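Encoded as structure tokens, the structure appears first; notes follow it.
The values are calculated or read from the model by the stated rules, or taken from the named source; none is laboratory data. The model shown is predicted, which means the values in this text are computed figures rather than measured ones. Quick reminder, even Gly has a Cβ in these numbers, built from the backbone with ideal geometry, and neighbours come from all protein chains shown. In case anyone asks, the SASA skips ligands and DNA or RNA and just uses the protein heavy atoms, side chains included. Shrake-Rupley method; radii C 1.70, N 1.55, O 1.52, S 1.80 Å.
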Amino acid sequence: MVKEGYEILKEGRESVMRLNYEKVSFVPSLEDSATCMADAVGKLAEEPGVSRIVFRQRRNYHYGPFQTTMLNQIGALYNHLIKTKKFLLSLEGMPYLIEKRAIVQNLINSLRGDPIGMYVEVRRLLREEKIINKRLIDEQDLGASNHYISLLNEIKRLMEQTRIVISTKPFLEGYRIGDRAIYKKLFFPDITPDFMFTRLMSKIPIGGDELDTYKIDKGSDVTIFETPDDIKYLYYLNPPEFKISEDKYELLDLAKRVLIGHKPKAEEFVDPEKMRSTFFNIGKDMLQELADKQGLELGFDELRELTSILVRYTVGFGLLEVLLKDEKVQDITINGPIGQTPIFIVHQDYDECVTNIIPSAEDAESWATKFRLLSGRALDEANPVLDTELLVPGARARVAIISKPLSPYGLAYALRRHRDKPWTLPLFVQNRMISPLAGGLMSFLIDGSRTMLIAGTRSSGKTSFLASCLVEIMRKYRIITTEDTLELPVNSLRELGYNIQPMKVRSAITGGETEMEAAEGIRTSLRLGDSALIVGEIRSKEAKALYEAMRVGALANVVAGTIHGDSPYGVYDRVVNDLDVPKTSFKATDIIVVCNPVKSADGLHKWRRVVQITEVRKRWEDDPLRENGFVDLMKYDTREDALKPTDELMNGESDVIKNIASNVGEWVGNWDAVWDNIILRTKIKESLINYAEKTKNNNLLEARFAISSNDQFHKIGDSVKKEIGSLEPRRIFFEWEEWLKKMIKMKKI
């Protein structure tokens, strides 16, 4: 609905009033300008259902529901005072009240622009009139004065019911009428440039304690606050688009309006990287041309920064991209109805946080359209769930979207940010998710070509742990991955020299007519030659196909996947009872690794930990739990916050490890030699961490160097075996450590 000077827009269940201030010479501000406030209150008096106000100028100034409610109350009170006429009409007919009528008229007029000043003035007039009243002798004048006092008391009573007065009453001592500093305690807009819809809460929280501050890149600053009124921390983002000059804002706004006409075609979304590159070049030329016309001189870096911002808010995903660049952000959630609540994140160091970012309904719809095109999957009433992935400069994420009718308030998003580089076992040891011995044991099991399931609850780190297992597979072996949503670091591993082939299959949740079913994808992988088979997540009918692969491939190479489950028996229950895999087939599982979040006693903190490494024995018939089919090799000790070896592992009573040893001549019947090899691997993982800390070079733990380290370990082992006839641990470790020192000295890391 458009009216003179403003329009009313529907955003979900909200009614938003947008006031056009583009031709006004001053910056619109409820807190600083009585004219602005009077204008807004006057329009709210006409449109009482509005829940949010936006002043449109070169920037957009958003005032949220709580602030708008305060003004709605003033608008309603203004209507009551002026339209009922009772206050002014009751002051007519008596000579004593003629002057008073003009005073009350001025009071009512001042209500819209300065309600606090009006309230203070009413109190002053009351005090003054009560003094005059005591001196009056004429009965008619006394009656008129009493009526006037009664009327002022009524106005005072009505004002004291408004939130504005209730909120500021403690601060009114010494207040001077016309001083608008007091309004800054109540009104503080979220400000966005005209070229974007997402809002940022610009006000730093009152009483907030700054815990941390860091930069995401050259232009984006992050501050973490602890606030007195919320148990969650505040993640306060200040991106580059909020720091540029007014001239550059205008330039970006003009460029966006022109660039919108160059909408990308659906087929261009097949290659989003190429599309962004094309739009970057178009945008850069356009910005340069517009800058020349306006006589604005832009340097090379300035032009690139402005172009990046322009692309981000046209074919990109706006502030979502800035958030995803933060390596410490793990999860992002945006709840419906979008536009009414801020974005929430899970932070590496501060767990659950609320951000100062409030996306709009326009953002949500724009993102949904782009995700439909990128994924080739439907998102509508018949298909209210969409699982896909997002690749933007500097970040990669899994995206889950829900919409009506599943989400009653419309679109909602959940994004899981993937680490830029693959996780490694040494990194998990450093983060205490596993112990050094667990790292050595996993390395041994992976080299032993075992079948394994990485289990855990949501956000337990199971996919990341599976990725770290991929890094342990020797680069000479081929790997095939099967996923419905691409989460595993396939591109990174390919760049690191792996022979890896990804397969994207139909989602068990959302479907997809053009995609192959997951079960058929797994069966296809068996026809692609001897390979390690990695399944992103086991959810449905593909479980049977995976167990076919496990039974066929158990002695050829690693077969592994992730599954939801909080214990070995929980995994068995899900695989056999929920996914209908025969009990005998489940025995093809060699190892179950359980990852779960561990909480602090106060419930405020949690950490990801591997809590069990369990082998599945084969000599049981009906129930592996009752018949000792599960044997823990390592188990989490809560008191020590560490994954500890069990007696079964220490005493060499692991059937899986014995089975691996049976294929290596010098290990058959020689548990000490097997254990020495596990300890050797443990010592190597531990040494990498020690050298990384000593040299302050965490690159020693990243995938590139961890893979080189594994390569050297195997090469040195082969060389030592040829020379002395056995895998002598001390000799292998000595030569490996000498290689490591050489790499550090030569700075080849």
Q. Give me the pairs: first residue in the stretch 684-710 and more than 20 Å from LEU496 (Cα to Cα), second residue surrounded by fewer than 18 Cβ atoms within 10 Å (Cβ to Cβ) and acidic (Asp, Glu), beta-carbon distance under 7 Å, and six or more apart or on different chains, which are they?
A. SER687/GLU737
Q: Quick one: LEU30 ticks every box in (1) surrounded by fewer than 20 Cβ atoms within 10 Å (Cβ to Cβ); (2) under 22 Å from ILE182 (Cβ atoms); (3) modelled with pLDDT of 85 or more; (4) within 34 Å of the chain's Cα centre (by Cα) except a single one, so which number is it?
A: (1)
Q. Do you know which of the residues in the stretch 127-146 that are open to solvent by 10 Å² or more (accessible area, probe 1.4 Å) and either within 24 Å of LEU71 (Cβ to Cβ) or among the polar types (S, T, N, Q) (or both) is nearest to the chain's Cα centre (by Cα)?
A. ASN146
Q) If you go through the stretch 195-207 one residue at a time, do you hit one that is among the aromatic types (Phe, Trp, Tyr), buried (at least 17 other Cβ atoms within 10 Å of the Cβ) and under 22 Å from GLN67 (Cα atoms)? A) yes
Q) When the stretch 340-389 is examined, which residues are found to be closer than 20 Å to ILE204 by Cα, open to solvent by less than 30 Å² (accessible area, probe 1.4 Å) and not in a strand (DSSP E or B)? A) PRO342, ILE343, ASN356, PRO359
Q: List every residue pair whose Cβ atoms lie under 6 Å apart, where the two residues are 6 or more positions apart in sequence or sit on different chains, the first residue falls within the stretch 564-580 and is farther than 19 Å from TYR636 by Cα and open to solvent by 20 Å² or more (accessible area, probe 1.4 Å), and the second residue, located anywhere, is at pLDDT below 90 and in a loop (DSSP other than H, G, I, E, B).
A: ARG574/GLY565
Q) Would you call TRP620 aromatic (Phe, Trp, Tyr) and part of a strand (DSSP E or B)? A) no
Q | Residues of the stretch 336-370 classified as at pLDDT 90 or above and aliphatic (A, V, I, L, M), total | A | 4
Q) Is it the case that the stretch 228-240 has a residue that's closer than 29 Å to GLU22 by Cβ, open to solvent by 20 Å² or more (accessible area, probe 1.4 Å), modelled with pLDDT of 80 or more and not in a loop (DSSP other than H, G, I, E, B)? A) yes
(Q) Residue under question is ILE522, and the condition is that it be at pLDDT 90 or above and either farther than 30 Å from ARG639 by Cβ or open to solvent by less than 10 Å² (accessible area, probe 1.4 Å) (or both); does it hold? (A) no
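Each row is one residue, and each column tells you yes or no for (1) in contact with a helix residue (DSSP H, G or I) (Cβ under 8 Å, 6 or more places away or on another chain); (2) touching a residue at least 40 places away in the same chain (Cβ under 8 Å); (3) buried (at least 19 other Cβ atoms within 10 Å of the Cβ).
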site: ALA400; (1), (2), (3): no, no, no
site: TYR413; (1), (2), (3): yes, yes, yes
site: MET433; (1), (2), (3): yes, yes, yes
site: THR457; (1), (2), (3): no, yes, no
Q) Can you find even one residue in the stretch 147-162 that is under 16 Å from MET70 (Cβ atoms) and among the hydrophobic types (A, V, I, L, M, F, W, C)? A) yes
Q.
Taking the conditions exactly as written (within 44 Å of the chain's Cα centre (by Cα), free of Cβ contacts under 8 Å to residues at least 24 places away in the same chain and either closer than 21 Å to ILE434 by Cα or open to solvent by less than 60 Å² (accessible area, probe 1.4 Å) (or both)), does ASP641 satisfy them or not?
A. no
Q.
Being loosely packed, with under 14 Cβ neighbours inside 10 Å and of a type in the set (D, E, K, R) narrows it down to one residue among ARG124, ARG163; which is it?
A. ARG124
